[in-house]
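Novice: Okay, here's the structure, questions in a sec.
Bear in mind that the values in this text are calculations on the coordinates, not laboratory data. Just so it is clear, the model here is predicted, and its values are computed rather than measured. Cβ sites come from the backbone with ideal geometry, for glycine too, and all protein chains shown count toward neighbours.
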Amino acid sequence: MKKLILFTTVFVVMLSCSAQSIVYDITASPEQIVGDNYYIKDVNNQFSSVVGTWKWQDGISYFEITLQKFEMESYSSSSTKYYDHIYGKYKYVENGVVIAEVSQINPFPNFKLVFSFDTPTKYIIGINDVVSGKNKKGYFIIISPNTATLELKDIEGVNIGGYNSIIPFSLPTSVTLTKQ
Amino acid sequence: MPLPNTKVDSFIHNHFNNGNGTLSVFSGSDLYSLYELYINDKIKDLSKFVMVVTTPGNNISSTDDDTLYAITINNGTEFAAFGEKYLTDPNIVDIILYNNKRNYISSNISNELNEERFVRMLQKNNSGMSVYRGDRTNLNSWTKLSIRNNYTLKEVNCN
């Protein structure tokens, strides 16, 4: 009986160990990340410097983005790769009129705004304009604890099919935002 | 750019330097476009289809870092699954696959690193695609690229 208990205990521990992911910090380079069983984690809580609400305002015009951290996200139920990510929502008001709004923060794959860590003060962002359907990417650079710049540009490469619209991109492409 | 009216045998394009550097491998938008061709039934024969990109590298005053790559689809089932998961939205491709710490592919890093990371990204995600590096002086010499278990680049001459 004791042998059976010991065997069961060892087996459970082995199963538990094999199911554990190797944890890498978000600062790890791609070459440091090996295997198919890992968790790229915001170990030092660096995302806290961007999570929250940021706003650019000029009179009754404003562009507001709200960012939320999602932990241990996987891209499929069968995957053993996990990530911490930042997704967001936005609202753009021009002269008091709502031009574009995403009212809910959705994670992968339905996000409209995503931040990817580059350095503690620099994030690569991807944003979908819900008015034109067009996408841009760019940088969100923190220049002080409560101030950041947002610069957007077109995504590189050919563009065939799905997201060609004659409606111009409706969101601001170069603004300085203040953390609320 | 709208989808072509007829099915295509292959697709060749170039990247150019727009003042922000040039991506030396296929971009996320390129892969997105490839999947658009696929799901809209615009590829004549998936097993023979070739997509090619030529780039001037980052040094536009020299041809030394020009690049030439081709991709083929070796497993249609894997490609369909990869596309359904990652290639339905340009932001998913560009941010999740390319501009992410687990696989950063960018015009800001060397051609060699981009090449290795691009091949690894496709291979580790079971994309169903094969990558080939071409001789930039002609289109007759190709090297198949893959990643070994120890994560180094494996090159096999196709000629």
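Novice: Tell me the mean residue ellipticity at 222 nm calculated for the protein assembly as shown from its helices only (DSSP H runs of n ≥ 4, each -39500 (n - 2.57), averaged over every residue, nearest 500).
Specialist: -5000 deg cm²/dmol
Novice: Taking chain B as a Gaussian network, Cα atoms linked when under 10 Å apart, which of B:T137, B:T55, B:T88 shows the biggest mean-square fluctuation?
Specialist: B:T137
Novice: Can you give me the Cα centroid spacing of region B:25-89 and region A:97-135 in angstrom?
Specialist: Region B:25-89 and region A:97-135 have Cα centres spaced 25 Å from each other.
Novice: Taking the number of other C-beta atoms within 10 Å as the exposure measure, put A:V102, A:V23, B:V52 in order starting with the fewest.
Specialist: Going from sparsest to densest Cβ surroundings: A:V23, B:V52, A:V102.
Novice: A further question follows. Neighbouring Cβ atoms within 10 Å as the yardstick, rank B:F26, A:F70 fewest first.
Specialist: Taking fewest neighbouring Cβ atoms as first place, the list is A:F70, B:F26.
Novice: Pick from B:N99, B:N138, B:N91: which is most flexible by mean-square fluctuation in a GNM of chain B where alpha carbon atoms under 10 Å apart are linked?
Specialist: Highest fluctuation among the options: B:N138.
Novice: May I ask for the longest run of chain B untouched by trypsin sites (Lys or Arg not before Pro) that are loop-located per DSSP and have at most 14 neighbouring C-beta atoms (other than their own) within 10 Å?
Specialist: Between the exposed loop sites, the longest stretch runs B:49-147.
Novice: Then there is this: Share of antiparallel DSSP beta bridges in region B:1-145, in percent to the nearest 5?
Specialist: 75 percent
Novice: Quick one: what are the phi-derived ³J(HN,Hα) couplings along region A:28-34, Karplus 6.51/-1.76/1.60 with θ = phi - 60°, whole Hz, x for glycine and proline?
Specialist: Rounded to whole hertz, the list is 5, 7, x, 5, 7, 8, 10.
Novice: Which one of B:G76, B:G28, B:G134 has the biggest mean-square fluctuation once chain B is modelled by GNM with Cα springs under 10 Å?
Specialist: Answer for the Gaussian network model of chain B: B:G76.
Novice: Okay, next question. Can you work out the Karplus-derived ³J(HN,Hα) for every residue in region B:122-130? Use 6.51 cos²θ - 1.76 cosθ + 1.60 with θ = phi - 60°, whole Hz, and x for glycine or proline.
Specialist: In residue order, the calculated couplings are 5, 6, 5, 9, 6, 6, x, 10, 10 Hz.
Novice: Shape call for chain B from the C-alpha gyration tensor, a ≥ b ≥ c root eigenvalues: rounded (a/c under 1.5), prolate (a/b greater than b/c) or oblate?
Specialist: Here chain B falls in the rounded category.
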